Amino acid sequence: FDAVMALHSAGSPVDVITVADELNKAGDLQRCGGHVYLHELVAGVASPSSASFHAQIVTEKATLRRLEAAGARIVNAAQSAATLDEVSSFAQSIVLDAIGVGGLDDTDGVDEALESLEHRRFVETPWEDMNSMLAGWTPGHLYVVGARPAIGKTKFGTNVALDAARRGWKVVFFSMEMPRDELIIQMLSNIGGVDGGRIVQRDLTSHDKASMSRAAEEYRRLGIVVDPRPGLTLAQMRAKVRQVKAR
């Protein structure tokens with residue numbers, strides 16, 4: 001399964017040959033049963049075109065099992081000292097939950113929409129003019145920064161990352177072209193106020209080095225996660241964010 005997901009995340013086709021190759025690269029092919037077992041797995045599965053029908057069967061059986069369990073709970077409730085109204089309400093609730101409709105919201109959503117106006121939902125940017133123009137970074141929105149090379153897109157991104165982290169947000173920074181150490185150096189330069197030209201030339205004064213050391217301490221406290229893997233897919237990004245959130 002790990003090999004299949006790795007291939008899928010990389011945008012590669014998933015079949016017996018590619019999975020075997022992926023397992024072989026990891027040194028796991030023989031441990032997983034070898035080529036023969038992989039072909040047995042494929043031969044033992046019906047056509048993928050029927051997968052949705054098979055899933056429907058699994059769903060129905062799962063619902064029946066939940067209804068069976070709900071029935072036992074209703075019997076126990078009926079034999080308890082609860083009133084008829086209490087048992088009736090309980091029975092309706094768990095049956096609806098069992099068939100998957102107990103949590104549906106049938107309201108028109110107007111009250112919730114109006115209530116959302118009372119709360120500031122955006123994450124502020126480092127610049128007041130941009131906050132006024134965009135209302136900050138709003139959840140559910142995608143912002144694209146575009147410019148020709150050497151204009152400062154990366155500097156813009158690191159400024160945004162540092163500012164958000166200082167405001168208490170957890171930041172994950174994906175870089176598909178710039179090495180991680182170079183990105184971190186840029187952010188340390190920003191934090192410590194050290195001239196970028198001297199950093200590029202590696203011509204740092206003793207004061208610069210002290211400033212960079214202090215900046216490193218602040219950077220560690222901010223806890224920014226930098227992922228420099230090239231060619232990341234959206235699935236890999238989501239997996240990384242979930243991992244960071246869980247941790």
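None of the figures in this text is laboratory data; all of them are computed from the coordinates on show. Being a predicted model, the structure only gives us computed values, none of them experimental. As a convention, Cβ positions derive from the backbone with ideal geometry for all residues, glycine included, and neighbour counts pool all protein chains shown.
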Which entries in the list LYS209/LYS240; LYS155/LYS240; LYS25/LYS155 go over 28 Å, if you measure between the two C-alpha atoms of each?
LYS209/LYS240; LYS25/LYS155
How big is Rg to Rh over region 11-70, alpha-carbon atoms, Rh as the Kirkwood inverse-mean-distance radius?
1.19
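Taking R0 as 25 Å, what's the FRET efficiency between ARG247 and PHE174 from their Cβ-Cβ distance, rounded to 0.05?
About 0.90, to the nearest 0.05.
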Using just the helices of the chain, give the 222 nm mean residue ellipticity in deg cm²/dmol: DSSP H runs with n ≥ 4 each add -39,500 (n - 2.57), and the total is spread over all residues, rounded to 500.
-18500 deg cm²/dmol
Please grab the % of Cα pairs in region 1-156 that end up more than 24 Å from each other.
71
ALA150 to ARG66: extension gain in nm, 0.36 nm per residue of separation minus the Cα-Cα distance?
24.3 nm
Residue-by-residue Karplus 3J(HN,Hα) for region 167-172, coefficients 6.51, -1.76, 1.60, Hz, glycine and proline x
7, x, 8, 7, 10, 10
Show me the trypsin sites (Lys or Arg not before Pro) within region 1-84 that DSSP assigns to loop and that have at most 13 other Cβ atoms within 10 Å of their Cβ.
ARG31
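Which whole-number percent is the relative contact order of the chain (Cα, under 8 Å, 6+ apart)?
Relative contact order here is 15 percent.
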For PHE174, distant residues with modelled amide H under 5 Å away
ASP227
FRET efficiency (GLN56, LEU96; Cβ distance; R0 22 Å; to 0.05) is 0.60
Pop out the ³J(HN,Hα) list for region 210-219 in order, Karplus 6.51 cos²θ - 1.76 cosθ + 1.60 with θ = phi - 60°, rounded to Hz; leave Gly and Pro as x.
5, 5, 5, 5, 5, 4, 4, 5, 5, 4
Simple spin-label estimate for LEU142 and ALA81 in nanometres, 7 Å along Cα-Cβ
6.0
At what distance in nm do the modelled label points of ARG73 and GLN30 sit from each other, each positioned 7 Å from its Cα along Cα→Cβ?
5.1
What percent do you get for the relative contact order of region 148-222 when only Cα pairs under 8 Å and 6+ apart count?
31
In sequence order, what are the phi-derived ³J(HN,Hα) couplings for region 138-154 according to the Karplus relation 6.51 cos²θ - 1.76 cosθ + 1.60 with θ = phi - 60°, rounded to whole Hz, with x for glycine and proline?
9, x, x, 9, 10, 10, 10, 9, x, 5, 6, x, 6, 8, x, 4, 5
